[in-house]
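The values are calculated or read from the model by the stated rules, or taken from the named source; none is laboratory data. Computed from a predicted model, the values in this text were never measured in an experiment. So basically every Cβ, Gly included, is an ideal-geometry build from the backbone, and we count neighbours across all protein chains shown. Accessible surface is based on the protein model in full, side chains and every heavy atom, while ligands, DNA and RNA are left aside. Shrake-Rupley method; radii C 1.70, N 1.55, O 1.52, S 1.80 Å.
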Amino acid sequence: MKDKFEQDLFVMAKQEKMVVPGTVYDRVDDTLAGLPRHRKIFRMDLKKSLVLAAVFVMLFSITVSAAVSALTQRMEAMNEQEMEEYFVNINTAKIGVDNYNRPYTDAEKSRMKELTVSYEEEGMFPEKSLKMISEAKEYKGSGVAFLGGTATFFFPNKDMSDEELLQIIDFMHKRDYSLAVVNEKIASGEMEFPTDAIDEKTQEIEATDSSILQSDAIWDPAQELTIPYTGNLEVHYMAAGQNCIFLTGWNAIHKMEIGSSDSTLFFDDFDSDTRITALYQDKSGDVYLGIMQSVEGDDFDVTMGDWHYKIGIWILSGDGEVKKKIDLSQYIDYTVFNIIRKIVVDEQGYIYVKTYMENNTFLIILDKEGNPVTTINSELYYSHPASGLGIGKDGKVYIQVEKLRKIGEEHPDGRNVGIATVNVEDSCLEDVYMGIVPDDIIQIDIIAKGSDTDFVFWGYGGIYTYNLGEESAVNVLPAYEAPCDWEGVMNCALPDGRIVFGDCSEYRKEGDSAYPIPEKICFYYKSGLRNK
């Protein structure tokens, strides 16, 4: 439904055999150059919206032989104050796309299409307007409502009525129309940019709870969300807990509730400058950290620039109390860049640690006390240090593998990427499932339980689902449909099979280092369902 009215308008213009004169585009360019800059991002590209406004004017001035439609009359009936309110809501929303507290049902999608036609062509309008709310908690589960701060539509749990769907359709049309017309008035000098109204609305949003957290909706594996971060942590890494998301930065770990936009401090009692490179929460609530801790002197494991680090594992209770510190010095190769990439803990309490080791030892296994149990290596398979490690629905630990080859050697059957179970007792890989993702997939970064499948994977090809025994995985979200750039994005898999991405669009620089700007971070929840 995004910019639906805009699309329909240009279709109408085409049907009328209209051509927008080149002078319109020239005037738009001149107008843009003279407009005041504002810190908020427009929902629609400004140049595009100004041209759209020009098309509106041309349509409305067509010869009298073309009857003015009921829809046109409805749009023109809005006064300047009403249009400005839509405009201000667009310019104060924290993100430029719509969110929903639950997905549309298939029946609602079908009726939405039918009702849109009736709205546009037959003048079937709602009896009431869509309710506007300023905080998520105002929505009590009845009717439909819209929260401007996060551009979120709230739907009832039951299927929406025709009246409710028409309210949504009407709102979207009025919003797009208002954006175009107000921009045109600002550009022509007929109206000033509503800076004061926008600043006042922004302050109001920042002073209220604009979280879209809804107890039922957030645990729906089909629910997809786009949530701007309102916390203050410079987030470097994220990991899913049992019922939350952990965010880490220098010397700090925060917890963020599923569906929330803010985070709270969980732990920051480190001995020195510390970076968390891996995190896992087991079913008992204990949190396992893979850490790099800065040290002075010669007793270090890894060197990065002028910094020296000790590598280790800390185990915290679910309340953030330190239970154990495990020294991994005996496993570290001082000649290579070496950090802990992944940690998982199985039901027996074995700790699986993924790092880079010589002789293709790609997994270290410790007991619950932190004592070494065994290492996993292979003469046949290789596992990239950054590739996936996770637990399947069967409770077994799975690791991504590919066939081992000599430098420069090409596999006749491609990379042949797959997954394999880990046998602790025999210190080996056991069940191996090869070739389950396309050959051009570099690696599987996430291996996790699916919602309606055995597994959900994430890699640079997109989100995949897989059932044991199937010949290949199914791509349920291709990379080209991703809400953000895959390269360098933070990510984790929720227990319900959804993949959450944490994307930062801007960084601050300090010397040679770059740090995420908290207010430039956005979280995207994407469904891992095969049958949506």
Skipping prolines and chain starts, which residues have an amide H placed within reach, meaning under 5 Å, of the one on Val344, given they are 5 or more residues away or on another chain? Tyr352
Per residue and in cubic angstrom, what volume does the convex hull of the Cα atoms of region 229-327 have? 93 Å³
So for the pair Ser161, Ala77, with labels modelled 7 Å out along Cα→Cβ, what separation do we get in nm? 2.0 nm
Once the piece of chain linking Ser472 and Cys428 is laid out straight, how much longer is it, given 0.36 nm per residue of separation minus the C-alpha distance between them? 13.5 nm
For a quick check: with amide H placed at 1.01 Å from N, whose amide H comes under 5 Å from Leu468's, ignoring anything fewer than 5 positions away on the same chain? Asp454
For region 66-193, accessible area per residue (1.4 Å probe, heavy atoms of protein chains only), Å²: 44 Å²
Take the Cβ-Cβ distance between Phe125 and Glu204 as r, set R0 to 30 Å, and report the resulting FRET efficiency rounded to the nearest 0.05. 0.50
What are the principal axis extents of the Cα atoms in region 417-515, in Å, biggest first? 48, 33, 28
Chain lengthening between Lys393 and Ser142 when straightened (0.36 nm per residue, less Cα-Cα): 86.7 nm
Sequence-distant or interchain residues sharing an amide H contact under 5 Å with Lys324, placed H: which? Ile315
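Provide the gained length on full extension for the span Glu347 to Asp271, in nm with one decimal, where the gain is 0.36 nm per separating residue minus the Cα-Cα distance.
Full extension from Glu347 to Asp271 adds 24.3 nm.
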Computed E for Asp319/Leu380 - FRET, C-beta separation, R0 51 angstrom, nearest 0.05: 0.70
Cα-centre dipole for region 416-532 with unit charges at Cβ (Lys and Arg positive, Asp and Glu negative), debye to 20: 520 debye
Calculate the spin-label point distance for Glu510 paired with Asp298, positioning each point 7 Å from the Cα along the beta-carbon direction, and give it in nanometres. 3.1 nm
Tell me the per residue accessible area of region 433-526 using a 1.4 Å probe; a whole number in Å² is fine. 43 Å²
Place +1 on the Cβ of every Lys and Arg and -1 on the Cβ of every Asp and Glu in region 440-532, take the dipole about the Cα centre, and give the residue among Ser527, Ser472, Ile442 whose Cα lies farthest towards its positive end. Ser527
In region 232-311, what percent of the accessible surface is made up of carbon and sulfur (1.4 Å probe, ligands and nucleic acids excluded)? 41 percent
